[in-house]
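Reading through the structure tokens given below for one structure.
The values are calculated or read from the model by the stated rules, or taken from the named source; none is laboratory data. Being a predicted model, the structure only gives us computed values, none of them experimental. Reconstructed Cβ throughout: ideal geometry from the backbone, glycine too, with neighbour counts over all protein chains shown. Each accessible area value is taken on the protein alone, full model and side chains, heavy atoms only, with ligands, DNA and RNA left out. Shrake-Rupley method; radii C 1.70, N 1.55, O 1.52, S 1.80 Å.
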Amino acid sequence: MPQTPDTGIRVRGVSKTYGVKRVLDDVSFDIPAGTVTGLLGPNGSGKSTAMRTMLGLTIADAGSTTFDGVLFRDLAQPGRTVGALLDPGAHHPGRSVEDTLATAAILTGSPRERVGELIATLGLASAARRRFGALSLGMKQRVALAVALVGRPRHLILDEPMNGLDIETGDWLRSTLVHHAHTTGGCVLVSTHLLQELQTFADRIVVLSEGAIRYSGEVGDLTAEKNATAIAADTDLLRRALTTRGIPFSVRPEDGRFSVGIDPRSLSEICIADRIVLDELAEDRESISDLYRRLTRGQYRVEGDVFDPR
Ligand SMILES: Nc1ncnc2c1ncn2[C@@H]1O[C@H](COP(=O)(O)OP(=O)(O)OP(=O)(O)O)[C@@H](O)[C@H]1O
């Protein structure tokens, strides 16, 4: 898809603090026109807050988001420009599915026929007259998706849209999102915890941890990433050299082997500059899951045995 400077979604320098907690720290990333971008991060890393600030639902302390060069608040037809699914439960529990969609159609200036169309496409016919509050999680998710799609928006921002969907509906959603982005030039941003799944349909990935961007780029580049593994004669020296340069790394406790987020040549250059002796230096092509774990390590990590009878 041809790019011009003002197409796509651009998030620039967004920060948000709640009390003393910095939830987003100078977050910047692009969703180029015609791409699906996955937003990944552990629980509480700031994904939903980032999406909410993009839409002006949470006011950021600093920074901005533009849609084809325009701030959300300045969009002439916001409902036609950006469709969002943030909280699938956030619809009136007493309203029927049909009325929920009809209200969304009015708010986005969409024709009434769009409601019937979405009810059919999303398999909601048997639930059309049921109260939203009485639906199962998966059916609520389908309704929330229909609401996001009602205005035929150019861009989509979807917070964990696969949650609760059955396999067939999940497949339909993935192919619909890819088709939309690749054929219309719109942008799709999807947050999920399903890393392997994202690898099958996203063009780009943004990794958030503790409110900061740890990676932003093509899915292909991520899987092809070449990292270095090394064993240093003096572990503390290498640890210090990497820490002061802000280079992510982990150390295997059993043998002190470093896994470093740069290629072997760059690591070798650092070691020469800092006069660090290496006993071993090798290339380690890591999987997307390994990289993700390394980038987000430490934030709300779960460990230990909760069934320990002690
Ligand atoms: N309105 C709020 N007031 C205070 N703290 C908030 C508020 N909204 C979010 N937070 C905090 O901001 C941090 C990020 O939350 P957020 O919901 O954005 O994370 P997330 O990555 O979407 O998490 P999850 O994967 O669990 O949905 C959390 O520590 C959360 O408690």
Review point. Can you tell me the accessible area per residue over the chain, all protein chains present, probe 1.4 angstrom, in square angstrom?
Key: 50 Å²
Exercise for review: Would you please name the trypsin sites (Lys or Arg not before Pro) within region 93-152 that are DSSP coil residues with at most 16 other C-beta atoms within 10 Å of their C-beta?
Suggested key: 95, 112, 129, 130
Practice item. Restricting to the chain, compute how many DSSP beta bridges are antiparallel as a %, nearest 5. Key: 70 percent
Review point. Suppose every K and R has +1 on its Cβ and every D and E has -1 on its Cβ; what is the size of the dipole of the chain about the Cα centre, in Debye to the nearest 20?
Key: 1200 debye
**Study point:** Computed helical MRE - 222 nm, the chain, DSSP H runs ≥ 4 contributing -39500 (n - 2.57), nearest 500
**Key:** -9500 deg cm²/dmol
Point to revise | Backbone HN-Hα couplings from phi across region 204-218 [Karplus 6.51/-1.76/1.60, Hz, Gly and Pro as x] | key: 9, 9, 10, 10, 10, 8, 6, x, 10, 6, 9, 7, 8, x, 5
Check your understanding: What is the spin-label model distance, in nm, from residue 59 to residue 28 if the labels are put 7 Å beyond Cα along the C-beta direction?
Key -> 2.5 nm
Exercise for review: Kindly report, to the nearest 10 Å², the accessible surface of residue 218 as traced by a 1.4 Å probe over protein heavy atoms only.
Suggested key: 90 Å²
Practice item. Enumerate the calculated ³J(HN,Hα) couplings along region 61-77 in order (Karplus 6.51 cos²θ - 1.76 cosθ + 1.60, θ = phi - 60°), each rounded to whole Hz, writing x wherever the residue is Gly or Pro. Key: 6, 8, x, 7, 10, 10, 10, 6, x, 10, 5, 3, 5, 9, 5, 5, 10
**Study point:** Accessible surface of region 140-192 [probe 1.4 Å, protein heavy atoms]: carbon and sulfur percent
**Key:** 53 percent
**Study point:** Of 182, 281, 14, farthest towards positive along the dipole that unit charges on Lys, Arg, Asp, Glu beta carbons give the chain
**Key:** 14
Check your understanding: If you find the alpha carbon centre of region 127-174 and of region 106-125, how far apart are they in angstrom?
Key -> 12 Å
Review point. Which value in nm describes the separation of the simple spin-label points at residue 112 and residue 21, placed 7 Å from the Cα toward the beta carbon?
Key: 4.6 nm
Exercise for review: Per residue of region 22-30, in order, report the coupling 6.51 cos²θ - 1.76 cosθ + 1.60 (Karplus, θ = phi - 60°) as ³J(HN,Hα) in whole Hz, putting x for Gly and Pro.
Suggested key: 8, 7, 10, 10, 6, 7, 9, 7, 10
Review point. Cα to Cα, under 29 Å, and not fewer than 8 places away if on the same chain: which lysines meet these conditions relative to residue 226?
Key: 47
Review point. Highest mean first, what order results for 24-36, 258-270 on Cβ atoms within 10 Å?
Key: 24-36, 258-270
**Study point:** Partners for residue 140 among aspartates and glutamates (Cα-Cα distance below 20 Å; same-chain residues under 8 apart left out)
**Key:** 87, 98, 99, 117, 159, 160, 166, 168, 171
Check your understanding: Taking the chain as a Gaussian network, Cα atoms linked when under 10 Å apart, which of 255, 61, 221 shows the biggest mean-square fluctuation?
Key -> 255
Point to revise | Full-stretch length increase - residue 236, residue 74 - with 0.36 nm per residue and alpha-carbon distance subtracted | key: 53.1 nm
Point to revise | Solvent-accessible area of residue 279 with every protein chain in place, 1.4 Å probe, in Å² to the nearest 10 | key: 100 Å²
Review point. Taking residue 21 as the anchor, which aspartates and glutamates have their alpha carbon closer than 13 Å to its alpha carbon, excluding any fewer than eight residues away along the same chain?
Key: 61, 210
**Study point:** Inter-centroid distance (Cα atoms) of region 189-267 relative to region 10-72, Å
**Key:** 22 Å
Point to revise | Dipole of region 226-285 [Lys/Arg +1, Asp/Glu -1 at C-beta], most positive-end residue of 260, 232, 246 | key: 246
Study note, to complete from the structure: Here the gain from full extension of residue 273 to residue 167, 0.36 nm per residue of separation minus their alpha-carbon distance, amounts to 32.9 nm
Review point. Does anyone have the angle between helix 167-184 and the longest principal axis of the chain? Alpha-carbon axes, 0 to 90°, nearest 10?
Key: 90 degrees
